[in-house]
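Everything below concerns the one structure shown next.
We did not get these values from a lab; they are worked out from the coordinates using the rules stated. Only a predicted model underlies this, so the values are computations on that prediction, with no experimental measurement involved. Every residue, glycine as well, gets a Cβ built from its backbone with ideal geometry; the counts of neighbours run over all protein chains shown.
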Amino acid sequence: MTVRIGLIGAGGMGRAHVERITKELAGGTIVAVADINIEGARAVAGPLGAKAYGSGPELIADPDVDAVLIATFGKVHAPDVIAAVEAGKYVLCEKPLATTGEDCRQIMEAEQKAGKQLVTVGFMRRFDKGYNEMRDLLNSGDLGYATLVHNRHRNPSVPENYTTRNMIDDTAIHEIDTCRYLLGEEITSVRVDTPRATSHRFPHLQDPLVMMARTESGVLIDDEVNVNIQFGYSIECELVMEAGTVRLSDQEHSVIRDSAGNRNAICTSHIDRFHDAFNQEVQQWIRAVERGEHTGSTAWDGYAATVVVDAAIESLENGGTEVEVDMIDKPGFYA
């Protein structure tokens, strides 16, 4: 069976998914592309022989579409995710699932009404080899339990329309989810601090930020979000346990040694840094859709990350006060 995929969102992320599905992965084909900019949809759909639509609902209603991949802006995810669920179609939605906890709850309610888990959230770091080796070591118990997690999320630069809020709801949300994934527990409180701002930022942006969080068992998490670091895209994580530590490597393929010293190439974006993880994520999703099964992170994971984002933004707007995360009890549907 070839899974017939409808893509909603013909921007950079959507085009990257088209590239991987058509050139690197097996079992899936793009049969329709939707974008509010219909010409953009046509530009992506044309070379594929796919249909072009000007809206998500039109694409979702197409009987030739088996599953839906959503790669639009987070604030417009919820209606299309709900429409896909109501149509009984599996959906892979790029993070965030939605930008408010309430929208995420509506998605979960629609999914529970459908009686089947259909939503996978695009937290691609769950498929990264380094993070999974860290998780396996923690779960082995060889070094005891976790006490601290140190994270750094550094971008070379961001576009002018990127906001301080985006540093949390579009950037730090990755560390929020990976820490939940690594530790296997929820985040219960969060605080956001504002260090001295870099001169490389746009005037409207507070950059960098440092997010501090605590989990149910008391693990302390810190996350430096620094989106105009200039030198490259650098993701760092160190997990501290009772009897040792483990951290992500620099992901280098080779090291140059010369008069300038020892050095390795630095990634420039999430597309190249997490290329293999994206491929693993989408390939696993396609194979699961073939079998009529859910895979990957759930709508609950999308909700849990979003309510932590809500608390972090509240902290930022209130001068860095610690804010408790307001989270509903986990429905048995997601147990």
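Mean residue ellipticity at 222 nm from the helices of the chain, using -39,500 (n - 2.57) per DSSP H segment of n ≥ 4 over the full residue count, to the nearest 500 deg cm²/dmol?
Computed ellipticity for the chain at 222 nm equals -10500 deg cm²/dmol.
Note down the Stokes-Einstein diffusion coefficient of the chain in µm²/s, whole number, using a Kirkwood radius over alpha carbon pairs, 20 °C, and 1.002 mPa s.
103
Placing one identical point scatterer on every Cα of the stretch 183-315 and ignoring solvent, what is log10 I(q)/I(0) from the Debye formula at q = 0.17, 0.22 Å⁻¹?
The Cα Debye sum returns log10 ratios of -1.30, -1.37.
Which whole-Hz couplings ³J(HN,Hα) result when phi for each residue of the stretch 224-239 is put into the Karplus expression 6.51 cos²θ - 1.76 cosθ + 1.60, θ = phi - 60°, listed in order with x for Gly and Pro?
Per-residue couplings from phi come out as 7, 10, 9, 9, 9, 6, 6, 7, x, 9, 10, 10, 10, 8, 10, 9 Hz.
Say the dipole of the chain comes from +1 at the beta carbon of Lys and Arg and -1 at that of Asp and Glu; which of THR321, HIS204, SER217 then lies farthest toward its positive end?
Highest projection toward the positive end goes to HIS204.
Calculate the FRET efficiency for ASN279 and GLU314 from the Cβ-Cβ distance with a Förster distance of 51 Å, rounded to the nearest 0.05.
Once rounded, the FRET efficiency stands at 0.90.
Where the only charges are on Cβ atoms (+1 Lys, Arg; -1 Asp, Glu), what is the dipole of the chain about its Cα centre, to the nearest 20 debye?
820
Which GluC sites (Glu not before Pro) does the stretch 236-335 hold that lie in a coil by DSSP with at most 16 other beta carbons within 10 Å?
Filter output for the stretch 236-335: GLU242, GLU252, GLU293, GLU322.
As I understand it, the dipole of the stretch 18-140 uses +1 on the Cβ of Lys and Arg and -1 on the Cβ of Asp and Glu, about the Cα centre. Which of ALA45, PHE123, ALA84 lies farthest toward its positive end?
PHE123
Could you give me the ³J(HN,Hα) list for the stretch 101-110, computed from phi with Karplus coefficients 6.51, -1.76, 1.60 and θ = phi - 60°, whole Hz, x at Gly and Pro?
Residue by residue, the stretch 101-110 yields x, 5, 4, 5, 4, 5, 5, 5, 5, 5 Hz.
Please work out the Cα center distance from the stretch 266-335 to the stretch 154-174, rounded to the nearest Å.
16
Quick check: residue separation of SER217 and GLU238 times 0.36 nm, minus the Cα distance between them. What number comes out in nm?
Residue separation times 0.36 nm, minus the Cα-Cα distance, leaves 5.8 nm.
Please compute, over every Cα-Cα pair in the stretch 56-194, the percentage with a separation greater than 23 angstrom.
Of all Cα-Cα pairs in the stretch 56-194, 46 percent lie more than 23 Å apart.
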